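Inspection log for the structure reproduced underneath, given as structure tokens.
The values are calculated or read from the model by the stated rules, or taken from the named source; none is laboratory data. Predicted model, so just to flag it, every value in this text is computed and none were measured. Please note: Cβ atoms are built from the backbone with ideal geometry, for glycine as well, and neighbour counts cover all protein chains shown. Only protein heavy atoms, including side chains, enter the accessible area calculation; ligands, DNA and RNA are left aside. Shrake-Rupley method; radii C 1.70, N 1.55, O 1.52, S 1.80 Å.
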Amino acid sequence: MSEQAPIVIVGTGLSGFSLAKEIRKQDREMPILMITADDGFSYSKPMLSTGFTKGKEADELAQATAAAMVEQLNIELRTHTTVTGIDSAAHQLLIGDERLEYSKLVLAWGADVIRLDIAGDAHEHVYSINDLMDYRAFRQALAGKRRVAIMGAGLIGCEFANDLRNGGYEVDVIAPSDTVMPGLLPKPAADAVVAALTDEGVGFHLETVVEQLDRAGDGVRLSLANGETLETDLVISAVGLRPRTELAAAAGLETARGIVVNRALETSAEDVYALGDCAEVDGHVLLYVLPLMACSRALAKSLLGTRTEVAYGTMPVMVKTPCCPTAVCPPPVNAEGDWQVEQNGRNVRALFRDAEGTLLGFAVTGDYAMEKQALAKEVPPIHG
Amino acid sequence: MKKWQCVVCGWIYDEAEGWPEDGIEPGTKWEDIPDDWVCPDCGVGKEDFEMIEIG
């Protein structure tokens, strides 16, 4: 390994760029090479759920071009470049036939969207949106159209439903669950979001799934398992994400739900780290912004020579449904306790307390969403 | 008076207006905001804001 080999960061999403920024706060000169399969625009993924509400086109949601980031961060950046392998013993990254040396390697290449295998001939009208390029293609396809059906009622499905209604589109949501965001929100809070979105004009088709997608003129006809049929122009598939682990597993790195790392973001291979949506940090796969910002700060210190473990605080999640502001801090998996729910119309305050009365999680909607900061301070941090 | 923008969600803190919802009076300078204050929209901390313009 040559002394000059750079720190190589694979991925230029919020994780990759946050890490580069954190390194540069402390060291202007350390060579950094970033590699991305896309065009290298800097953007914040959560903002992709706000385009219509904020009246912005895809590229207006981006914060900087690749060229601007190269300038701002004093980095080398290779766009439209797909990594094909890792030789951790040789400290080399493989890009087709090319072998590229690294001093430290950071995998920040995110998650893949889960794609459903659905019968029919209309798959070219189905969009999954997990990055700015996906979003740009979706917005282009949407020009001149007025109807969108969303498969999936998770956080992203709900945020897009609200945003598209704010843009004046007719929106239908189809999902197998009996309410929205199952697993994230307790039912009374979720039902408040359903009621508010329904008032906004979103059509919900819950407890069923799409069985077939057929072309119908320029649009799509959806046949649902409950016998309903819907006509729409475009379909968004928002049924979940899965951390990208294949390349890491092929290189012999330990993987589970994500690429397994400890609190210092170290994988099982020396000098290889993982960060953001692809990483399983100390057993936690949290595909949200707060954890990745905490991780990138800790990792920057480690990469500059001071091994640092991340300490997760409380990790509240804000759901961007402006018609029903919602914040949630899920209790730890297997936590013992009960939800106590107060409800006043769309305003729900659900508090999860253990037998001693300690607040372990919460979900607040509507007017109570303002209490999120105060409640978050009461919840013990994940890494106490 | 300066404005600061959250790099994650785009929310803007305007020193002239403060953020009375969290008890931050109009005219409060960025450096005088408590270190544990977080973005009202997305929950990231002060360190994830950048100065965007000087008015």
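Structure summary
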| read-out | value |
| --- | --- |
| Hey, residue A:80 surrounded by 20 or more Cβ atoms within 10 Å (Cβ to Cβ) and on the phi > 0 side of the Ramachandran plot or not | no |
| Residue A:226 surrounded by fewer than 17 Cβ atoms within 10 Å (Cβ to Cβ) and under 30 Å from residue A:87 (Cβ atoms) | no |
| Flag if residue A:268 is under 20 Å from residue A:92 (Cα atoms) and small (Gly, Ala, Ser) | yes |
| Residue in the range A:328-384 that is nearest to residue A:285 (Cα to Cα), counting only those that are of a type in the set (S, T, N, Q) and open to solvent by 20 Å² or more (accessible area, probe 1.4 Å) | A:334 |
| Qualifying residue in the range A:335-347 (condition: within 12 Å of another protein chain (Cβ to nearest Cβ), closer than 18 Å to residue A:189 by Cα and either modelled with pLDDT of 95 or more or outside any strand (DSSP E or B) (or both)) | no |
| In the range A:63-100, the residues that are free of Cβ contacts under 8 Å to residues at least 40 places away in the same chain and within 25 Å of residue A:42 (Cα to Cα) | A:63, A:64, A:65, A:67, A:68, A:70, A:71, A:72, A:94 |
| Among residues of the range A:368-383, those that are within 13 Å of chain B (Cβ to nearest Cβ) and either in contact with a His (Cβ under 8 Å, 6 or more places away or on another chain) or under 11 Å from residue A:349 (Cα atoms) (or both), counted | 5 |
| Per-region count, the range B:34-51, residues in contact (Cβ under 8 Å) with a residue 12 or more places away in the chain and not in a loop (DSSP other than H, G, I, E, B) | 5 |
| Qualifying residue in the range A:128-143 (condition: farther than 18 Å from residue A:60 by Cβ and aromatic (Phe, Trp, Tyr)) | no |
| Verdict on residue A:231 being under 19 Å from the mean Cα position of the chain (by Cα), closer than 30 Å to residue A:161 by Cβ and in a strand (DSSP E or B) | no |
| Qualifying residues in the range A:243-287 (those that are β-branched (Val, Ile, Thr) and touching a residue at least 40 places away in the same chain (Cβ under 8 Å)) - the one most open to solvent (accessible area, probe 1.4 Å) | A:285 |
| From B:21, B:31, residue being free of Cβ contacts under 8 Å to residues at least 24 places away in the same chain, open to solvent by 20 Å² or more (accessible area, probe 1.4 Å) and within 11 Å of another protein chain (Cβ to nearest Cβ) | B:21 |
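Let's see how each residue does on (1) among the aromatic types (Phe, Trp, Tyr); (2) more than 30 Å from residue A:165 (Cβ to Cβ); (3) open to solvent by 20 Å² or more (accessible area, probe 1.4 Å):
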{"position": "A:27", "(1), (2), (3)": "no, yes, yes"}
{"position": "A:55", "(1), (2), (3)": "no, no, yes"}
{"position": "A:59", "(1), (2), (3)": "no, no, yes"}
{"position": "A:63", "(1), (2), (3)": "no, no, yes"}
{"position": "A:69", "(1), (2), (3)": "no, yes, no"}
{"position": "A:89", "(1), (2), (3)": "no, yes, yes"}
{"position": "A:94", "(1), (2), (3)": "no, yes, yes"}
{"position": "A:103", "(1), (2), (3)": "no, yes, yes"}
